[in-house]
1. Return yes when Arg395 is over 25 Å from Met290 (Cβ atoms) and outside any helix (DSSP H, G or I) and no when it is not.
2. Considering only the range 87-144, state which residues are among the polar types (S, T, N, Q) and either outside any helix (DSSP H, G or I) or farther than 20 Å from Lys65 by Cβ (or both).
3. Working only within the range 165-184, note down all residues that are surrounded by fewer than 18 Cβ atoms within 10 Å (Cβ to Cβ), of a type in the set (D, E, K, R) and under 21 Å from Glu137 (Cα atoms).
4. Among the helices (runs of 4 or more DSSP H) confined wholly to the range 185-244, which include 3 or more residues that are open to solvent by 80 Å² or more (accessible area, probe 1.4 Å) and in contact with a strand residue (DSSP E or B) (Cβ under 8 Å, 6 or more places away or on another chain)?
5. Could you tell me which numbered condition Ser144 fails, if it satisfies all but one of (1) open to solvent by 20 Å² or more (accessible area, probe 1.4 Å); (2) farther than 23 Å from Glu59 by Cα; (3) in contact (Cβ under 8 Å) with a residue 12 or more places away in the chain?
6. Give me a count of the residues in the range 349-399 that are among the small types (Gly, Ala, Ser), surrounded by fewer than 17 Cβ atoms within 10 Å (Cβ to Cβ) and within 23 Å of Arg308 (Cβ to Cβ).
7. Considering only residues of the range 52-80 that are open to solvent by less than 60 Å² (accessible area, probe 1.4 Å) and touching a Pro at 6+ places or on another chain (Cβ under 8 Å), which is nearest to Ser21 (Cα to Cα)?
8. Which condition number in (1) open to solvent by 50 Å² or more (accessible area, probe 1.4 Å); (2) assigned to a helix (DSSP H, G or I) is the one that Ser45 fails?
Amino acid sequence: MNVLNPYVRQFLVGWITVLDSVPDIDMLGFLPDFLDGLFNMLSDSSPEIRQQADSALSEFLQEIKNSPSVDYGRMAEILVQRAASPDEFTRLTAITWINEFVKLGGDQLVPYYAAILGAILPCISDKEEKIRVVARETNEELRSIKSDPAEAFDVGAILYIARRQLDSEWEATRIEALHWISTLLDRHRAEVLCFLNDIFDTLLKALSDSSDEVVLLVLDIHACIARDPLHFRQLIVFLVHNFRVDHSLLERRGALIIRRLCVLLDAERVYRELSTILEGEADLDFACIMVQALNLILLTSSELSVLRELLKQSLVNAAGKDLFLSLYASWCHSPMAILSLCLLAQAYQHASAVIQSLVEEDINVKFLVQLDKLIRLLETPIFAYLRLQLLEPGRYIWLLKALYGLLMLLPQQSAAFKILRTRLKTVPSHSFNGDQLKRASSGNPYSQILHYSGSQITEDG
């Protein structure tokens, strides 16, 4: 069957066709022996031989559909190899046969699932549309078959194939590989977790993928694995490690990853765990960058609105206070982050104390850039409550003092200085009288500080 001479090939195909037409001869029993040779002829340089081989294969496929007993296993191995053929027509024929086998073979093909999947996944991204369509149909058909590991269904082998395809250059193939891992997690969670060490690193690397869809699917899988407390801790530790090793991942994907995990795994739990890990971080520069990134997500993301509301109540709500304290220890890595946290939690007196504690070496270009960001954030809807509190300067004297402290740290020619000064100029002076200050500060151990300005405070503070 492997002879290249065109006359010999024609002679052989002719004999196979004739023998198959004899009713008393069951050629299907011998098909695995010459199937590979017939597929070889599909890429022959002669159109006649290609046509004859295709005709013979079509006839055999029809007989397989009508036959009650067929040895699918041996033929499946041949088809898997042919599905990777450089010849387009051979690939299409092989994937069409695989499609029929998956529909017809059922349980017989269970030991070959991994091999078949390995043939299908690359074809999903084939340049020929016909092959892509058949490959997708076969993939769905294969996924719909419910199989039990007790029936020779090898979860490890399929995971290995899916993991290998995550390195594919084609996005569609990577996405389908992730869908398979997700499906296995849903159906055979315990078995998949046994192979977790084999796939975990690959899944983490996939977070750097160029496709957002791939990254979101990877995060869904990570979240599914992290339902167990042990794996949750492992995921967050590995994630921080990846951000530390690859700063560009934090810049490009940090917000997407953190926000998605907060949706899938409970925002408060994620932030508490991150804070615990960063509190003991040895690389202080990285800790500062990471905390600033987390702080910006906390202040701006719609997914974390519940967390923001909880923090706003930290002075009156035990849960809010506990969250504030759990974040405080790591947020201290960045002066800007700790100031934002205090303003969000309405701990204005402490914010003022933090500003007073900033010494000369803390105020560098990086700090001023972060301070600029904070001033601009104060003008967003998230801090609307804070701006409204400025209508009662007598009641929120520490807020006013904190904002004026920030103003004094900013260079006068900067845009942030002008923004903040303009905002402070709108603070109503009529509500600023000594009686109100005395009432607001009654019972306050810092009341003597509140009265330093005498009976009247000017518009400029």
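The values are calculated or read from the model by the stated rules, or taken from the named source; none is laboratory data. Just so it is clear, the structure is predicted and the values come from calculations on it, not from any experiment. Quick reminder, even Gly has a Cβ in these numbers, built from the backbone with ideal geometry, and neighbours come from all protein chains shown. Remember, those area values only see protein heavy atoms, side chains included, never the ligands or the DNA or RNA. Shrake-Rupley method; radii C 1.70, N 1.55, O 1.52, S 1.80 Å.
1. Yes; evaluated as a whole, the condition is true for this residue.
2. Selection gives Thr90, Ser125, Asn139.
3. Glu171
4. Output list is empty.
5. Condition not satisfied by Ser144: (3).
6. Of the residues in the range 349-399, 2 are among the small types (Gly, Ala, Ser), surrounded by fewer than 17 Cβ atoms within 10 Å (Cβ to Cβ) and within 23 Å of Arg308 (Cβ to Cβ).
7. Step by step, filter the range 52-80, then rank; the result is Met75.
8. The failed condition is (2).
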